[in-house]
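The values are calculated or read from the model by the stated rules, or taken from the named source; none is laboratory data. Note that the structure is predicted; figures quoted are calculated from it, not measured. All Cβ positions, glycine included, derive from the backbone under ideal geometry; neighbour counts span all protein chains shown.
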Amino acid sequence: MTLSGRHIILGVSGGIAAYKSPDLVRRLREAGAEVRVVLTRGAQAFVTPLTFQAVSHQAVHTDLLDADAETGMGHLELARWADEILIAPATADVMARLAHGLADDLLTTLCLATEAPITLCPAMNHIMWQAAATRDNAEILERRGIRMLGPADGPLAEGESGPGRLMEPRDIVTALQGESSHSAIAGRHVLITAGPTHEPIDPVRFIANRSSGRMGFALAAAAAQAGARVSLVAGPVKLTTPPGVERVDVKTADQMHEAVMARAAEADIFIAAAAVADYRVEQIADQKLKKSDNSLTLNLKPNPDILKDVAALPSGPLTVGFAAETESVREHAQAKLVDKRLDMIAANQVGDGMGFDVDGNTLDVIWADGEQRLGPAPKRDVATALIQLIGERLNEAG
Ligand code: PMT
């Protein structure tokens, strides 16, 4: 009952997936939450207020300008009452209205008037989900710290298939429970590396890799959402800093090493999601190298191993490494766990459109006496699950 006593406003907007929302109310209440339901006009075309009244045991709110309702719990009171606003299903329309700050009905007004965290569970046709406008709106909302759960991939109501299904009510409740059982993470200092490093060859060229930084940034967002103080040491990436996260930009592995070591001793958790170049060019040319007909040899020397150095600190943080492998994923990850003396390692298969520079991921997380698979799922959901798992390990470590 980890949602015990938590005040949740469930906003339901007008999509076919609204038929699952009464089940969500039931499950939230079973987990101990107090639930008040707000229906948009569109939602009422699919489900009736009476259904929600029966499952929530509370009056259902539908209108912003309803004088009778305002004499009960008015919209501002409702906004203050909420510990969390959950919108499931969230249609493309409600996402657009929230992204642009509209307050033309009760639900959107509540979202503007509340200081509580907001979680959206999008559900719509897969083409609508992938439309440029919806992508932009989702990015705006996530940048503001609004959390997205789903959508799930699979068969859709109209007979097509793709990303757009409402996440199952059971999984939504599990995700919310994870968020409120993160007491081990809340208040901790989490240090994260993300993105590639660029190792210069000459003033205009460098050695790099395909890391976009998405995995590390998703972890930073999830840790901040779980109440941690987050420092994110980022290689060269084109991503927006998640709300509440301290960001340090670096280019090379050496700079990343320095930035991490300056913070690692006082961190509680270190997560190495960056794809750090293992080697750098021994002699960086002062001037642009000239083309010739001869072959060119670059001498490379090893970069410092940031993760290994942090794991070797006396009374250092709990260390979580990543292993990016193209074959024998578990075996290589297991070897890195032991060799680098890590507390946990998250292994992902990379190459052939997996791991690097894509939205989704699957992680095999391994520690001394256990392992768990996370995903396949969007990186933000995998990140939330990994932060939860790290919190559990921290709890067990006492
Ligand atoms: O950034 P994205 O596009 O979202 O892609 C995500 C990702 C695939 C980059 C990410 O999920 C991932 O796997 N990151 C680790 C990539 C990597 O460099 O793995 P590795 O197996 O080569 O290194 C093992 C571990 O040692 C990693 O935690 C790495 O950060 C760390 N390391 C490696 C070398 C070095 N000099 N210093 C390090 O800290």
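For the range 50-68, filtered to residues that are touching a strand residue (DSSP E or B) at 6+ places or on another chain (Cβ under 6 Å) and outside any loop (DSSP other than H, G, I, E, B), the residue that is surrounded by the fewest Cβ atoms within 10 Å (Cβ to Cβ) is 56. The residues on offer are 381, 369, 359, 364, and the sole one that is modelled with pLDDT under 95 and touching a strand residue (DSSP E or B) at 6+ places or on another chain (Cβ under 7 Å) is 359. Regarding residue 192, is this residue at pLDDT 95 or above, among the hydrophobic types (A, V, I, L, M, F, W, C), away from the ligand (no atom under 12 Å from the Cβ) and in the same structural domain as residue 346 (by TED's automatic domain parsing)? Considered against the rule, which asks whether it is at pLDDT 95 or above, among the hydrophobic types (A, V, I, L, M, F, W, C), away from the ligand (no atom under 12 Å from the Cβ) and in the same structural domain as residue 346 (by TED's automatic domain parsing), residue 192 comes out as no. Taking the range 351-370 as the search range and keeping residues that are crowded, with 17+ Cβ neighbours inside 10 Å and within 8 Å of the ligand (Cβ to nearest atom), which one is farthest from residue 382 (Cα to Cα)? Only one residue fits best here, namely 356. Quick one: which residue in 158, 142, 168 is more than 19 Å from residue 385 (Cβ to Cβ) and surrounded by fewer than 21 Cβ atoms within 10 Å (Cβ to Cβ)? Only one candidate qualifies: 158. A Cβ distance below 8 Å, combined with a sequence gap of six or more or placement on separate chains, defines the contacts here; from the range 262-273, residues that are more than 11 Å from residue 233 (Cβ to Cβ) reach residues that are of a type in the set (Lys, Arg) in the pairs 268/188; 269/188.
Filtering the range 341-350 to residues that are more than 7 Å from the ligand (Cβ to nearest atom) and either part of a loop (DSSP other than H, G, I, E, B) or out of contact with any strand residue (DSSP E or B) (no Cβ under 9 Å at 6 or more places or on another chain) (or both) leaves 341, 342, 343.
Taking first residues from the range 32-45 that are surrounded by 24 or more Cβ atoms within 10 Å (Cβ to Cβ) and partners that are small (Gly, Ala, Ser), the Cβ contacts under 7 Å between residues at least 6 apart in sequence or on separate chains come to 37/56; 38/11; 43/13; 43/14; 43/18.
Here's the yes/no breakdown for (1) assigned to a helix (DSSP H, G or I); (2) at pLDDT 95 or above; (3) of a type in the set (A, V, I, L, M, F, W, C):
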residue: 210; (1), (2), (3): no, yes, no
residue: 221; (1), (2), (3): yes, no, yes
residue: 227; (1), (2), (3): no, no, no
residue: 256; (1), (2), (3): yes, yes, yes
residue: 263; (1), (2), (3): yes, yes, no
residue: 270; (1), (2), (3): no, yes, yes
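For the range 196-233, taking the residues that are within 10 Å of the ligand (Cβ to nearest atom) and farther than 18 Å from residue 381 by Cα, the one that is surrounded by the most Cβ atoms within 10 Å (Cβ to Cβ) is identified as 197. Taking the criterion of being away from the ligand (no atom under 12 Å from the Cβ) and either part of a strand (DSSP E or B) or more than 16 Å from the chain's Cα centre (by Cα) (or both), the residues of the range 234-254 that qualify are 245, 246, 247, 248, 249, 250, 251.
Within the range 322-331, is there a residue that is part of a loop (DSSP other than H, G, I, E, B), over 23 Å from residue 171 (Cα atoms) and touching a residue at least 24 places away in the same chain (Cβ under 8 Å)? The answer is yes; a qualifying residue exists. The set of residues from the range 274-314 being touching a residue at least 24 places away in the same chain (Cβ under 8 Å), charged (D, E, K, R) and within 16 Å of the ligand (Cβ to nearest atom) comprises 278, 280, 305, 308, 309. Contact map, the range 338-354: residues that are in contact (Cβ under 8 Å) with a residue 24 or more places away in the chain paired with residues that are among the polar types (S, T, N, Q) and outside any strand (DSSP E or B), Cβ distance under 7 Å, separation 6+ or inter-chain. Pairs shown: 350/326; 351/326.
Could we say that residue 335 is within 11 Å of the ligand (Cβ to nearest atom) and not in a helix (DSSP H, G or I) here? No: the conditions fail for residue 335. Residues in the range 301-329 that are loosely packed, with under 14 Cβ neighbours inside 10 Å and touching a strand residue (DSSP E or B) at 6+ places or on another chain (Cβ under 8 Å) were compared, and the one that is nearest to residue 233 (Cα to Cα) is 302.
Of the residues making up the range 1-28, those that are surrounded by fewer than 18 Cβ atoms within 10 Å (Cβ to Cβ) and part of a helix (DSSP H, G or I) are 16, 19, 23, 26.
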